[in-house]
Each structure stands twice: as C-alpha cells, then as structure tokens.
Amino acid sequence: MSDSVMNLDGQEVSFEKGETVLEVARRQGTFVPTLCWDERLDPYGSCRLCVVEVEGRRMPASSCTLHAEKGMVVRTGSEKLRRMQSTLVEMVLSENPDDECPRCRDLGSCELHDLATEFKVGRDRFLGATSNASKDDSNPFLLRDYDRCISCYRCVRICDEVEADHAITMTGRGWNKGIATAFDGLLMGSECTLCGQCIYTCPTGALADKKMVNQGSIPGEVEVTRSVCPYCGTGCSINLHSRDGKMIGVTPVLDGPVNAGALCVKGQFGFDFVNSDDRLTKPLIRKQGELTAVGWDEALEYTANRLKSIRADHGRKAFYAIASGRAPGEGAYMLQKFTRAVMNSNQVDNCSRG
Ligand code: SF4
Ligand code: SF4
C-alpha cells in the first residue's frame, strides 16, 4: 500500500501529507456536516458535528482535527453517527430565540438552518432557556444578535487569523458566554476595521449586515450577481444582492482571485451610492451660473476647447492630471499618454500612490 492511502467508507483514497480526514472526505464529495469549520481557518473541533468512526478507536473522533494516516479505516455515515449529529443540530437550534433569522431572509440561508433542513429537525424538542445575550451596539454596519450565537469561535478566529485585527474575543461561561470587544466596549470604539469578515464566516444569524437587513421591506426574491468592486484598483470579487431591481447589499466572493473572501469597509458596506438620487448620470456644464445637464458630445467638445485655451494662455505647466484609483490600468495608461503626448506636461500622478 502506498504511504498516502487510507480507506474511506470502503473506498481506497489517497491523501496529501498533513491533510485532515475532513479535507479528504470533502475532496471525495462525502457529506460530513460542520459548523465550526471554515477552510480559511485552522481546525478548531468545537462543534463536534464532523465526527467519524475510526477502526480501532472506541469513540468517534472529530474529522477536522484528525490527520489522515496510512491504512486508516474511516466510516462517515453510520446510523449511530447520523443520530448523534442530528441531535447536536437539534440542541444547537433549540437555543435560537425564533425561526425568523434575518440572515436566512436576506442571504438565502445560513449553515445552521441548512443543516436543520438536511437532518429534518426543528427547535421544539429541546426548547428551553435562551441566552438573552446583548443584541446590538451603536455601530452602523454589523447586526450583532448573540442570542443566535452557538459559540463556534469562527468570528473570533477569522478576526485573529485572517484579518489579524484581534478586535473580539469570547467571554464568560454557560449562558453568560458571549463575544465581546476589549473591556466589553462598543465595536466602534474597538480595534475593529469593519471589514465584515466575521459576518460571512458566522454559520448562524448571530451576525448580519445591518444595511442589508434594513432593506427587508423590499419585496421579492434576492438575486445575486457576481461583479468586481469599483472602489479602488485592487478589484476585489463581490456578489451584488438585489431585490426587485434595487441593490440591498454586497457579499465577498470566497474564491475571489484577489481578495479570497475579504473586503474593506467601503467595498463591504459602501454600496448605497448606487441607489442615491444624487448620483450623476449625465455630464453637467455650468451655464449662466447653473449646472445644466448636457449630452456627451457637447461635454467633450467643451472640455477639449477649455484645455486648449488653458495651455495657450498659461503654458503646458498649467496642466496637472491625477488618475483615479478606481480607474482600470488601461484608463490610467491613457491618461498619462494624453498628459505627456497631447498636453506636453509631465505632471501626472495617481491617487493610489502612497
Ligand atoms: S468586522 Fe472584521 S475587524 Fe471587525 S470584528 Fe469582524 S472580523 Fe474583526
Ligand atoms: S457570533 Fe457566529 S461566528 Fe461568532 S461564535 Fe457566535 S455563532 Fe460563531
């Protein structure tokens, strides 16, 4: 037997050095439920949902922390495992205060409700106390409803391991367990950069995009369109969420080639300008003191004539061009070419230059 072969549900499968059993199983398309796992984070093993049976071991083991080994024999889908997993999901779900998850309404689903559907369980059988944790603070972007928190630590870990911000941590024990900032202050007063990454790793409705939730009154199905953020030249991949032709929010694309699931506060929460009535949709020229909408031909001719007269009256050094960081590389190249070759000026710069 090769050094990198194990047995998964009766099939010989190969694995890479250092791979976990969960990673091998996912690569094979085998269903193994998880709630605390995120491929961007170090394995944590807290939700215990990914348990598998390993030949020679008395107790099931969590597959996200178990490294694949030569000759290992693993079973993933026995009736006993499914009973354990289904009961775990049911218990976790019973701590939710209700079924009205804002995240399910606006993003389509959350991982917890997807698993509840998969295992056909509800929150009623173990219904009891809920944590009554804090619902919110004054920040304008992140809805924080810790009544729905299942203590998976994914938000804390992504803030530490990916964003390297260390803005939040887990505090307390039992019903008093919760996510807090340093000295239990407000998120806005903490180290948080409002990147929103904690929202999109959270497997429940404990964290959500406040702006998106506030658009809840717009009727209809949510449509998702993949696009590229227009805010700067980095070009992060984003999903635009819209209802009835109106944008309601943005989510990061997890396999985005530039950003791998990360966005900055502008790309994440700064989409409102799209729906603004103040947005310019036509060129404006000031006529008799009033800004007046004109066609593109008139606007371009006016601009060309003004540039010509400025150069004639004040010389080439009167012209200075700054390219927008939102312009693509081709646009920036054209601007410097125009500045040098047409206006005979070397005064050209880009706002992205630090
Ligand atoms: S928004 Fe970003 S920085 Fe703020 S707590 Fe969440 S992950 Fe950390
Ligand atoms: S807020 Fe969400 S991501 Fe954070 S610990 Fe709770 S359930 Fe997990």
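The values are calculated or read from the model by the stated rules, or taken from the named source; none is laboratory data. None of these values were measured; they are calculated from a predicted model. Please note: Cβ atoms are built from the backbone with ideal geometry, for glycine as well, and neighbour counts cover all protein chains shown.
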(request) Could you tell me whether ASP147 is within 18 Å of VAL213 (Cα to Cα) and touching a Leu at 6+ places or on another chain (Cβ under 6 Å)? (result) no
(message) Any residue at all in the range 205-228 that's at positive phi and not assigned by TED's automatic domain parsing to the domain that holds LEU142?
(response) yes
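Each row is one residue, and each column tells you yes or no for (1) outside any loop (DSSP other than H, G, I, E, B); (2) more than 24 Å from SER109 (Cβ to Cβ); (3) more than 10 Å from ligand 1 (Cβ to nearest atom).
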| position | (1), (2), (3) |
| --- | --- |
| GLU191 | no, yes, no |
| CYS195 | no, no, no |
| CYS198 | yes, no, no |
| PRO203 | no, no, yes |
(message) I'm checking my understanding of the structure. Among residues of the range 136-159 that are acidic (Asp, Glu) and in contact (Cβ under 8 Å) with a residue 40 or more places away in the chain, which one is farthest from ligand 1 (Cβ to nearest atom)?
(response) ASP147
(request) Confirm whether ASP114 is of a type in the set (D, E, K, R) and within 30 Å of VAL250 (Cβ to Cβ). (result) yes
(request) Name the residue, out of GLU39, GLU95, that is under 26 Å from ALA129 (Cα atoms) and at pLDDT below 95. (result) GLU95
(message) Please count how many residues of the range 306-342 are in a helix (DSSP H, G or I), more than 28 Å from CYS229 (Cβ to Cβ) and among the hydrophobic types (A, V, I, L, M, F, W, C).
(response) 6
(message) Kindly evaluate ALA323 against the criterion of being among the hydrophobic types (A, V, I, L, M, F, W, C) and on the phi > 0 side of the Ramachandran plot.
(response) no
(message) Restricting to the range 251-289, name every residue that is farther than 30 Å from GLU39 by Cα and part of a loop (DSSP other than H, G, I, E, B).
(response) SER276, ASP277, ASP278, ARG279, LEU280, THR281, LYS282, PRO283, GLN288, GLY289
(message) Checking the condition within 30 Å of GLU163 (Cβ to Cβ), touching a Pro at 6+ places or on another chain (Cβ under 7 Å), at pLDDT 95 or above and not hydrophobic (A, V, I, L, M, F, W, C), which residue from THR34, THR20 passes?
(response) THR20
(message) Among the listed residues THR303, THR292, identify the single one that is surrounded by 10 or more Cβ atoms within 10 Å (Cβ to Cβ) and not in a helix (DSSP H, G or I).
(response) THR292
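Conditions tested, residue by residue: (1) more than 9 Å from ligand 2 (Cβ to nearest atom); (2) touching a Lys or Arg at 6+ places or on another chain (Cβ under 8 Å).
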| residue | (1), (2) |
| --- | --- |
| PRO140 | yes, yes |
| CYS152 | no, no |
| VAL156 | no, no |
| CYS192 | yes, no |
| CYS198 | no, yes |
| LYS210 | yes, no |
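Yes/no matrix, rows are residues, columns are (1) touching a strand residue (DSSP E or B) at 6+ places or on another chain (Cβ under 8 Å); (2) acidic (Asp, Glu); (3) surrounded by 14 or more Cβ atoms within 10 Å (Cβ to Cβ); (4) assigned to a loop (DSSP other than H, G, I, E, B):
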{"position": "LEU112", "(1), (2), (3), (4)": "no, no, yes, no"}
{"position": "ALA129", "(1), (2), (3), (4)": "no, no, no, yes"}
{"position": "PRO140", "(1), (2), (3), (4)": "no, no, no, yes"}
{"position": "PHE183", "(1), (2), (3), (4)": "no, no, no, no"}
{"position": "ALA208", "(1), (2), (3), (4)": "yes, no, yes, no"}
{"position": "GLY220", "(1), (2), (3), (4)": "yes, no, no, yes"}
(message) So, LEU187, is that one out of contact with any helix residue (DSSP H, G or I) (no Cβ under 7 Å at 6 or more places or on another chain) and at pLDDT 85 or above or not?
(response) yes
(request) Hey, could you check the range 160-181 for residues that are part of a loop (DSSP other than H, G, I, E, B) and more than 19 Å from ARG40 (Cβ to Cβ) and say which is farthest from ligand 1 (Cβ to nearest atom)? (result) ARG173
(request) Run CYS104 past the list (1) at pLDDT below 90; (2) in contact with a strand residue (DSSP E or B) (Cβ under 9 Å, 6 or more places away or on another chain); (3) away from ligand 2 (no atom under 11 Å from the Cβ) and report the number of the one that doesn't hold. (result) (2)
(message) Test of understanding: among PHE183, PHE273, which residue is without any contact (Cβ under 8 Å) to a residue 12 or more places away in the chain, more than 16 Å from ligand 2 (Cβ to nearest atom), within 26 Å of SER138 (Cα to Cα) and touching a Lys or Arg at 6+ places or on another chain (Cβ under 8 Å)?
(response) PHE273
